[in-house]
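Report on the following structure.
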Amino acid sequence: MEAVMMREDLKCAEEAGVQALQSLYTVREKLNSAKKWGILDIFGGSMISTYMKHSRINEVEGMIEQARIRLTDFQKALRKVEVSPKLQTEISGFLTFADFAFDNPITDYLVQTKLQSLGEEVEDTIQLTEELLAHIRTQ
């Protein structure tokens, strides 16, 4: 009886992990788009590239919230394994304002640096989630 319950718990954890991972892959894809717009913006972009970059950033913020929810579900399913990514998506209001108002390489670079940092956090979280799923699948 206990073995059956353990298998069910592992199955639930695996399903939650797969959903979390899918959300993280979506975040990564949209974040890469924002970074590409950011690079264009640094090297001679216009207000259009600034707008597109921030449009992607706004989309990423919503997607990260969904990923956080799914990671929390995964964490609950695992019970004893902690998966709590930091995933800070906030690009300060002033930095966003400055990027639009001044639209210069310095503000573009500052935003790009934030995007790069977030990208690294997303990659770390994806790697951890993949490792946990691999461990679950060997049980």
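Test of understanding: among 81, 60, which residue is in contact with a Lys or Arg (Cβ under 7 Å, 6 or more places away or on another chain) and at pLDDT below 90?
Working: 81 fails: in contact with a Lys or Arg (Cβ under 7 Å, 6 or more places away or on another chain).
Sole residue among the options that is in contact with a Lys or Arg (Cβ under 7 Å, 6 or more places away or on another chain) and at pLDDT below 90: 60.
Scan the range 33-51 and give yes if some residue there is among the hydrophobic types (A, V, I, L, M, F, W, C), surrounded by 20 or more Cβ atoms within 10 Å (Cβ to Cβ) and at pLDDT below 90, otherwise no. Yes: one or more hits.
The values are calculated or read from the model by the stated rules, or taken from the named source; none is laboratory data. This is a predicted model, so every value here is computed, not measured. Because the Cβ atoms are built from the backbone with ideal geometry, glycine has one as well, and the counts that use them run over all protein chains shown.
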